[in-house]
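The values are calculated or read from the model by the stated rules, or taken from the named source; none is laboratory data. Computed from a prediction, not measured in an experiment: that's the story for all the values here. Don't worry about glycine lacking a Cβ; one is built from the backbone with ideal geometry, like all the others, and counts go over all protein chains shown.
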Amino acid sequence: MPTYLSPGVYVEEVPSGSQSLSAGATAVAAFVGFTAKAPDDDPTDPEGLKPRLVTNWSQFENLYGGFSPGCMLPLSVYGYFNNGGSLAYIVRVPNAEPSGEPAQRALPASDRALGQPIEVTSVEPDANISLVIDPGPETDDEDAEPSFNLTVVEAGEPVESYEGLTLGKGDTNAETVVNAASERIKVAVKLDADVDLAGMMSILKPGSYPLEKAPPTPVPVSGKSFAGSENARSGINGLVIADDVTMVMVPDLITAATKDDGSVDLNMWKSVQTALITHCELQANRMAVLDAPPGMSVQQIKEWRSDIAMYDSAFAAMYYPWIKVDNPIGSNGDTEILVPPSGHMAGVWARTDDTRGVWKAPANEIIRGALDIERPITMTEQGMLNPIGVNCIRPFGTRGIRVWGARTLSSDTDWRYINVRRLFNMVETAIMEGTQYAVFEPNDVGTWEGIKRTVNSFLRGLWRDGALFGATPDQAFFVKCDAETNPPDSIEEGKLVVEVGIAPVRPAEFVIFRISQLKETAA
């Protein structure tokens, strides 16, 4: 309390006793898999293993290199942004190691007839080096050989510079000068000895030329590599530092699980997906978006789901079958490619959240970019898969290719639907983050009433938006925080207990019209 010693008028600001809650982003994806290259934006993470946030496809290309053969993750990320996603964390799993060979580059001549008169090789293997060629100093001697300047750039910084180099014999010969002084490159002049260079304006074409590294050597990737490490901030478990993630996918599981004979290692498939589900359940604020194994018939998927996978989790959803999309790196007429649907589904989730709200089931929505599906699914066949939580993707003629299921993999009917689980995730996160102000406050009626007002106001807003079921707020939710929930022994232990109940809106999965024949009766 302030101390008043002098007569006068004093103004005091009194806290309102309640705060406002707001829901954060509900559609933040995380992709774990293979990329064309490792990002070089963090010197402390040279392999680029830590999660990085991207907000559009261009950012992803700049960091990870875009589409690449043998990488499903870029195709999934592209499908995510194309379907309405806007925030995504990327977790790179190394699937190749440096070749161990020096980087090389042949430099072109200004005159095409001279070809590539210089070949440059890095001293260190896999060096990240670029060469900048500029014209050398001008001379009035018409018979003088043209010269050029060479700058060696490493990791974006100039580290060596050579001026007035030539390709002819003498003290300024590029091979002689650079090889005697450079610690980073070796130069070999490939120009024919009988070429007359006198009078030429320049010999090398000015520009910047990065040395080309040899292709990396592929290495096998185990399920443990996908799971990663919380301490190392790698793999699935590295996503613990990304508190705002709400959806997690592993699209490159197919790349790692495919055997030499073309079959899929279903043991690895289950191992990685189990690790993903476990991560989501432990974090309790995100869901695993799972891909069914490719190449299976409806009966095979049913048996695999029921007898082999046997997942039972409210924090996971599965989609079948795979979808066909345009192949951005196709060759020899290979214009389409089958991709796992999880990335596109995450985009549909994000689009539904944005247009309707997280409480709307992300189903009966068109999948943008889908050209076809791996195999058509009939209504009868879906009747086998829907009860066991496999969400089908089906073509509907002029209505397009749509996702036609909204179930989790839980056997608990309370958590049957994706939107119910995600709504609770959002509400729990908002309440937890928005009531931090109450920690260490006096555990008395004043604090209790303030928390009740805060949570009541937030839930009333959700009810108005249509997220909760009920004709009145009392039917839609309740918040209880009083002496009954906080008895003296609980207060002595430092606990403040608030009970919250909400009635979520469930999707109309089966719309039934009962039609009867009305017979005429005598008046």
Original post:
If residue 34 passes every condition in (1) buried (at least 21 other Cβ atoms within 10 Å of the Cβ); (2) not assigned by TED's automatic domain parsing to the domain that holds residue 367 but one, which one does it miss?
Top reply: (2)
Subject >> Checking residue 359 against (1) out of contact with any strand residue (DSSP E or B) (no Cβ under 9 Å at 6 or more places or on another chain); (2) not in a helix (DSSP H, G or I); (3) not polar (S, T, N, Q), the condition it does not meet >> reply: (1)
**OP:** State whether the residues of the range 299-309 include one that is closer than 30 Å to residue 244 by Cα, in contact (Cβ under 8 Å) with a residue 12 or more places away in the chain and under 20 Å from the mean Cα position of the chain (by Cα).
**Re:** no
Original post:
Any idea which of (1) surrounded by 17 or more Cβ atoms within 10 Å (Cβ to Cβ); (2) among the polar types (S, T, N, Q); (3) within 18 Å of residue 215 (Cβ to Cβ); (4) modelled with pLDDT under 85 is the one residue 122 doesn't satisfy?
Top reply: (4)
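Residues 86, 99: which one is at pLDDT below 85, part of a loop (DSSP other than H, G, I, E, B) and within 39 Å of the chain's Cα centre (by Cα)?
On the way: 86 fails: at pLDDT below 85.
The conditions single out 99.
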**OP:** Run residue 462 past the list (1) in contact with a Lys or Arg (Cβ under 9 Å, 6 or more places away or on another chain); (2) not in a loop (DSSP other than H, G, I, E, B) and report the number of the one that doesn't hold.
**Re:** (1)
Original post:
In the set 214, 198, which member is modelled with pLDDT under 85 and surrounded by 14 or more Cβ atoms within 10 Å (Cβ to Cβ)?
Top reply: 214
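So which of 250, 240 is without any contact (Cβ under 8 Å) to a residue 60 or more places away in the chain and out of contact with any His (no Cβ under 7 Å at 6 or more places or on another chain)? Quick ask: steps written out before the conclusion?
Details: 250 fails: without any contact (Cβ under 8 Å) to a residue 60 or more places away in the chain.
Just a single option satisfies the conditions, and that option is 240.
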Original post:
Limited to the range 475-494, what total is found for residues that are out of contact with any strand residue (DSSP E or B) (no Cβ under 7 Å at 6 or more places or on another chain) and either over 22 Å from residue 447 (Cα atoms) or touching a residue at least 40 places away in the same chain (Cβ under 8 Å) (or both)?
Top reply: 4
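Across the range 345-391, what is the number of residues that are among the aromatic types (Phe, Trp, Tyr) and within 13 Å of residue 317 (Cα to Cα)? Before the answer, list the steps.
Of the residues in the range 345-391, the ones among the aromatic types (Phe, Trp, Tyr) are 349, 359.
From the residues that got through so far, the ones that are within 13 Å of residue 317 (Cα to Cα) too are 349.
Of the residues in the range 345-391, 1 are among the aromatic types (Phe, Trp, Tyr) and within 13 Å of residue 317 (Cα to Cα).
State all residues of the range 452-474 that are over 28 Å from residue 354 (Cβ atoms) and either exposed (fewer than 13 other Cβ atoms within 10 Å of the Cβ) or not charged (D, E, K, R) (or both); if no residue qualifies, say none.
Step one: of the range 452-474, the residues over 28 Å from residue 354 (Cβ atoms) are 452-453, 472, 474.
Correct list: 472, 474.
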Original post:
How many residues are surrounded by 23 or more Cβ atoms within 10 Å (Cβ to Cβ) and either of a type in the set (A, V, I, L, M) or at positive phi (or both) if we restrict to the range 326-357?
Top reply: 5
